[in-house]
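The values are calculated or read from the model by the stated rules, or taken from the named source; none is laboratory data. The structure presented is a predicted model; accordingly, all values stated were derived computationally and were not measured. All Cβ positions, glycine included, derive from the backbone under ideal geometry; neighbour counts span all protein chains shown.
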Amino acid sequence: MNKLYLFLAFAVFALVACSEDKPPQSHSELCKNIGQCLVGKWFLQSVIRPDDNPVPLCQNSKEEFSGELRLKADGTFFFNGGKYNSSPYGKWSLNKEGEMEIEFERGTYNDQIPQKITATLEIRSSGEQLRVSTPGYTSFSQCYIGGFTNLIEVYSWQGPNTD
């Protein structure tokens with residue numbers, strides 16, 4: 001009986017010790033679960049149409065149009081930059097269809113973008129690229145241009161949130 005207890009104690013110790021040696025998951029591994037994959041810092045690369053052509057008035061430049069999107073695990077977001085530098089922030093979540101529900105607490109330009117929107121998400125390049133699209137306008141970057149519909153914001157992964 002004592003040998004059984006000794007064996008069980010050793011087995012539990014070995015299991016706990018081995019589980020602590022597991023390295024943290026890479027961003028690519030986290031992207032197997034889209035919710036975990038989204039949490040972090042994303043840099044706005046461009047705004048494109050569904051045919052992958054860029055939208056000229058929404059392109060990244062050093063002074064005119066850039067941005068960083070921070071999606072936090074607590075369901076909040078902050079976007080710094082954008083077309084009108086309105087720096088929107090608010091809450092985000094995923095619905096059953098895997099779409100992102102975005103609720104702006106501040107930062108929609110000129111009431112062109114509703115306070116609550118649903119965006120379609122696409123993860124590419126093993127989690128290195130995020131595409132966010134909404135019908136008729138963009139979400140975080142606030143690039144609203146009459147005549148352009150179904151614009152897609154293209155983001156590149158910058159790493160985990162450090163704050």
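Number of residues in region 80-102 that are more than 16 Å from GLN36 (Cα to Cα) and modelled with pLDDT of 90 or more: the value is 2. Within the option set THR134, THR138, THR120, being under 23 Å from ASN53 (Cβ atoms), of a type outside the set (Gly, Ala, Ser), within 13 Å of the chain's Cα centre (by Cα) and at pLDDT below 90 holds for one residue only, THR120. Any residue at all in region 17-27 that's modelled with pLDDT under 70, within 17 Å of GLN129 (Cβ to Cβ) and surrounded by 15 or more Cβ atoms within 10 Å (Cβ to Cβ)? Yes - at least one qualifying residue is present in region 17-27.
Screening GLY127 with (1) among the small types (Gly, Ala, Ser); (2) at pLDDT below 75; (3) surrounded by 16 or more Cβ atoms within 10 Å (Cβ to Cβ) gives one miss only, at (2). Tell me which residues, restricted to region 152-163, are modelled with pLDDT under 85 and in contact with a Gly (Cβ under 8 Å, 6 or more places away or on another chain). Within region 152-163, just ASN161 meets the criteria.
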